[in-house]
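*Asks:* Provided herewith is a single structure, encoded as C-alpha cells, for subsequent inquiry.
Coordinate-derived values only; no laboratory data. Treat the numbers as computed from the prediction; the structure is a model and nothing was measured. Neighbour counts run over all protein chains shown; Cβ positions are idealised from the backbone, glycine included.
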Amino acid sequence: MSRRLEDRNSGFEEGNMRVRVDGKQCQGHGVCYMTAPDVFAPREEDGHAEVLLDEVGPDLEAAARDGAEACPERAITVE
C-alpha cells in the first residue's frame, strides 16, 4: 500500500518541481527519506524510496533537493 499524500497535491500551480525515483536504480538505503521525510518515504513492499507528492511546492523544494543529493545511487531526478 502506498503512502502517497495525494490530497496534498491539490492546488499546485504550473512551474512546481517534479521529483522522480528510478526504481531500478534505488537500492533502498533510505538516506532520502531520512533527509526529507515530507517528500520521500519507503515503499512498504521493499523499502525502496517513493515520492509522496506528484509535484513539490516551493515550501518543500529545498528538502527535495537535499534528499536527491543525499542519494548514494543517484536514483532521484529533480526537475
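*Asks:* Considering amide H positions built from the backbone, and no H for Pro or chain starts, which residues 5 or more places from residue 50, or on another chain, come under 5 Å of its amide H?
*Replies:* 41, 43
*Asks:* Shifting gears a bit: Given bins 5 angstrom wide, list per bin the percent of all Cα-Cα distances in the stretch 6-78, short to long.
*Replies:* Pairs per bin, as whole percents: 3, 20, 31, 24, 14, 7, 1.
*Asks:* Can you tally the net charge around residue 18? Count Lys and Arg as +1, Asp and Glu as -1, for every other residue whose Cβ sits under 10 Å from the Cβ of residue 18.
*Replies:* -2
*Asks:* Sticking with this structure for a sec: From the backbone phi of the stretch 56-69, what are the Karplus-calculated ³J(HN,Hα) couplings (6.51 cos²θ - 1.76 cosθ + 1.60, θ = phi - 60°) in whole Hz, Gly and Pro given as x?
*Replies:* Taking θ as phi minus 60°, the curve returns 9, x, x, 5, 10, 4, 4, 5, 4, 5, 4, x, 5, 5 Hz for the stretch 56-69.
*Asks:* Using amide H atoms built in the peptide plane, which far-off residues or other-chain residues are under 5 Å from residue 38 H to H?
*Replies:* Result for residue 38 returns nothing.
*Asks:* List every residue whose amide H lies under 5 Å from the amide H of residue 73, counting only residues 5 or more places away in sequence or on a different chain, with H placed 1.01 Å from N in the peptide plane.
*Replies:* When sequence neighbours closer than 5 places are left aside, there are no close amide H contacts.
*Asks:* What ranking do 41-48, 64-71 get when scored by the average of other Cβ atoms within 10 Å per residue, highest first?
*Replies:* 64-71, 41-48
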